[in-house]
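Take a look at the structure below.
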2 protein chains.
Amino acid sequence: MDRKSGRLSWDGLRGRVQDAGAPPEAVDRLVELEGRRKFFGQVGRGGATLAMLGFFGAGTEAAMRGLFGRGLIPVAWAQEVTDDQARQALQETGKEGITVHNERPLNAEFGAHELADEITPINRHFIRNNGLIPQRAFQQDLQGWALEIDGEVNQPLKLTMEQIRNMPARTIQASLECGGNGRSLFDPPVRGNQWRQGAIGCSEWTGVSLGDVLREAGLRDSAVYTGHYGEDPPLAGDEVPISRGVPIDKAMEEHTLLAYQMNGEDLPAVHGFPLRIVVPGWVGSCSQKWLTRIWVRDQEHDGPKMLGYSYRMPAYPVAPGEDVPEEDMEVAKDWPIKSMITGPAEGSEHAAGAVTVTGHAWAGEHEVERVEVSIDFGNTWTEAELRDPANKYAWQQFEAEVELPGRGYYEIWARAFDDEGNGQPFRQPWNPRGYMGNVVHRVPVRVTA
Amino acid sequence: MDRKSGRLSWDGLRGRVQDAGAPPEAVDRLVELEGRRKFFGQVGRGGATLAMLGFFGAGTEAAMRGLFGRGLIPVAWAQEVTDDQARQALQETGKEGITVHNERPLNAEFGAHELADEITPINRHFIRNNGLIPQRAFQQDLQGWALEIDGEVNQPLKLTMEQIRNMPARTIQASLECGGNGRSLFDPPVRGNQWRQGAIGCSEWTGVSLGDVLREAGLRDSAVYTGHYGEDPPLAGDEVPISRGVPIDKAMEEHTLLAYQMNGEDLPAVHGFPLRIVVPGWVGSCSQKWLTRIWVRDQEHDGPKMLGYSYRMPAYPVAPGEDVPEEDMEVAKDWPIKSMITGPAEGSEHAAGAVTVTGHAWAGEHEVERVEVSIDFGNTWTEAELRDPANKYAWQQFEAEVELPGRGYYEIWARAFDDEGNGQPFRQPWNPRGYMGNVVHRVPVRVTA
């Protein structure tokens, strides 16, 4: 392994995979890819992903088995993405080095150390899709497109993009995070994309406040919830696209946007062109992409992925692996307090002495009160400097200096607290689908002799 | 499962084992035992042991596989102990319900909830042997027995038990703990007895201060270490008995005893009759049983189990699973800060509301400063009442009241701090043989609706 970059050579990668007891076909595939890969040059960030897992040592075995078992595709494979639409989406947004979990639907994330920007660039923002990307989005085609507002409103609306763009615009930084971010840390494991820490981004979104539009339509007293509809085609004929919503108070909150720009550019296809909802601080599935309709409901929305175990959490704390009756599940809403270390990188090597720790913290509907950093498994803590958020719902940057005392293995931990005294847990409380993971982030590093 | 007792029925046990994917031969064995067991009546505490593991839910699978893979014998099997000597030792000390890890050598422990006594009764003290128990011990036979003190002393001694008993006696409570206690919590797993929390006891030991004896022999300036020899027969002809020692300062410390009584009775066979060393606060292997010789050394003792990876720790923090060169290993000495919850029991059920948490805390060469208890994965902590120790090296009792807010799964955590501010770690730092485990003790409980 190239210690400085945290990358594995192909030889190292193959050896590690073999040592980890990967099935022969996985090793064969790696060898085959290795041959092809030589044409592309150096090993990319996918190697780093493996190295990061590997850095936990012999525990790697489980990680490796999981890796291959679950079909996680490191970026060494990324240029091997075979689905046309997935490849097109990755190329259009320049997401070089992303780790692809699935191609259909396309789900992909970056490593925590690749997300150090205060404003997440488009080419570093994670991708979470439930269906396919509409052709309209790739073609930037507004022909026939409109946004309908109907249901419990006095005046149903049908708005063109021109009309929306003529309304008062608002630009905010907003943390959007997949409900399953951190799922790979659940024990026992749960089904679904095995996100590590990277299914989070805080980009700058420009659009109109959903509240302004709903006021224009005139909410009836019976309005209690929104239902969001997009035009993303389902993956198969028998599947319907995701359709989630939010309570009307959250919909009316000034930071809930109908966004048409991301970081000052029209939305890329994969991020929802021409229009998406941005519901900051809440589980990412609320932030529907490729939006065409908002149905104002007189009850909690019951669209696809609102019911059963989808994006729902137990109403009470459950034991790891426990069967939870469906009637005890509740819709997931805002994220609990959370932080992420973006530097140093997992698996990086350092000299003994001072090391700067950087990262972000965010707290759903709350404010981040403080962030603390530990290098001794939680025995002692250093309070980090914490920057103010750009606006409510933007993540906040922290920085701390720690002293790595000498040779050996250390884990840098960050722990954030919100304004109600809630801290990140030291063990991940479990739920059936692995949502809202906010266990203390642990970054293993090494001090060389 | 009988929720109140935390015990599994045989049907439940078999079902769980099958669900956990145990190998067919394990299930067959269980069915066979079940048939025989019916003659003995109700399922014993072994069921509780399984239930405790099972309480972590689907994570059970790994636990179960480990359980069967490693040959841990729950007490449902205990009456199946086939080794004559092991059975005799268990019967003589009345250790009903103990969980037997191995029979030859005999290694066995109780559950944490079975260790609530301030002074651990003989019938609840763990057993850790490296070899066999001398026949002399079973026969309480002092014929031909003597303790020799030789090496770097001015006057080598050969003491009869009568002579030792005529020296000034001293009685102390002393925490003795196997170096591998908590090994089962190491990740990745390490070889060796998969102790849970029970390889610890704090009984009352009576004997003479080793320092008094060494002063009588007259230490030379060259004396730096002790080497302890017992008369326990090795397991096989090519194995030599364990022979460990301590630095001379620790040997001279007034609490380091040559003990001939345990809780006011002559030492039971399995605990070292007629004489053992008690080195309180230090890794248990220092406390040699069936003692016949102390060789005062002019260097660190190099007897069996003093070298290589035996009872040795890396000189610097290592990554989980890391290969550590032998020259970087150092002899294990005193235990780090630690606590254990003895009530409520793992897997117990409660009504919402106040629950009393009890346990012990100890700190090797240090003093326990405080103990805190959490029921929310370390978010908030309640300071426990902490009793003074009976004497230095005795464990200290703590008690706290927590409020279980409502239905669901909770984990009660206890965390002790020593007088230098060292707290128990939230993750277990790893070492190659899984010694000195002191991760925060987690006790899962359930509040019923």
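The values are calculated or read from the model by the stated rules, or taken from the named source; none is laboratory data. Values in this document were obtained by computation on a predicted structure and should not be read as measured data. For neighbour counting, all protein chains shown are included, and Cβ atoms are generated from backbone atoms with ideal geometry for every residue, glycine included. Heavy atoms of the whole protein, side chains included, go into the accessibility calculation; ligands, DNA and RNA do not. Shrake-Rupley method; radii C 1.70, N 1.55, O 1.52, S 1.80 Å.
Observations on the model:
- Summary for A:D419: label point 7 Å along Cα→Cβ; distances to the equivalent points in the other copies, ascending, 4.4 nm.
- Angstrom value of the Kirkwood radius, inverse mean 1/r, which spans all Cα pairs in the range A:326-404: 14.3 Å
- Highest mean packing comes first when the peptides B:107-120, B:132-145 are listed by Cβ atoms within 10 Å, giving B:107-120, B:132-145.
- Sorted from shortest to longest, the distances between the B:P188 label points of this copy and the other copies are 2.3 nm, with each point 7 Å from Cα along the line through the beta carbon.
- For peptide B:423-432, the mean count of partner chain Cβ atoms within 10 Å of a residue's Cβ comes to 5.
- What you get for the range B:135-331, charging only the Cβ of Lys and Arg (+1) and of Asp and Glu (-1), is a dipole of about 540 debye around the Cα centre.
- Among the GluC sites (Glu not before Pro) found in the range B:223-281, those both in a DSSP coil and sparsely packed, with 14 or fewer other Cβ atoms within 10 Å of their Cβ, are B:E239, B:E254.
- Here the range A:135-331 yields Rg over Rh of 0.97, to two decimals, using C-alpha coordinates and the Kirkwood radius.
- Per-residue average of Cβ from other chains inside 10 Å of A:311-322: 6
- Chain B residue nearest the rotation axis toward A, with distance: B:F426, 2 (Cβ to axis, whole Å).
- Exceedance of the 21 Å cut-off in Cα-Cα distance is limited, within the set A:K158/A:K305; A:K95/A:K289; A:K305/A:K338; A:K305/A:K392; B:K289/B:K338; B:K305/B:K338, to A:K158/A:K305; A:K305/A:K338; A:K305/A:K392; B:K289/B:K338; B:K305/B:K338.
- Buried between A and B is an accessible area of approximately 2800 Å², summed over both sides with a 1.4 Å probe.
- Sorted from nearest, the other copies put their B:G264 label points 8.4 nm away, the label point being 7 Å from Cα in the direction of Cβ.
- Each peptide among B:431-440, A:90-99 gets the average number of other Cβ atoms lying within 10 Å of its residues, and from highest to lowest they stand as B:431-440, A:90-99.
- Averaged over peptide B:407-414, the number of partner chain Cβ atoms lying within 10 Å of each residue's Cβ comes to 4.
- Summary of packing: across the peptides A:314-322, B:394-402, the per-residue average of other C-beta atoms within 10 Å ranks them, highest first, as B:394-402, A:314-322.
- Where N is the number of residues in the range B:108-203, Cα Rg divided by 2.2 N^0.38 Å: 1.44
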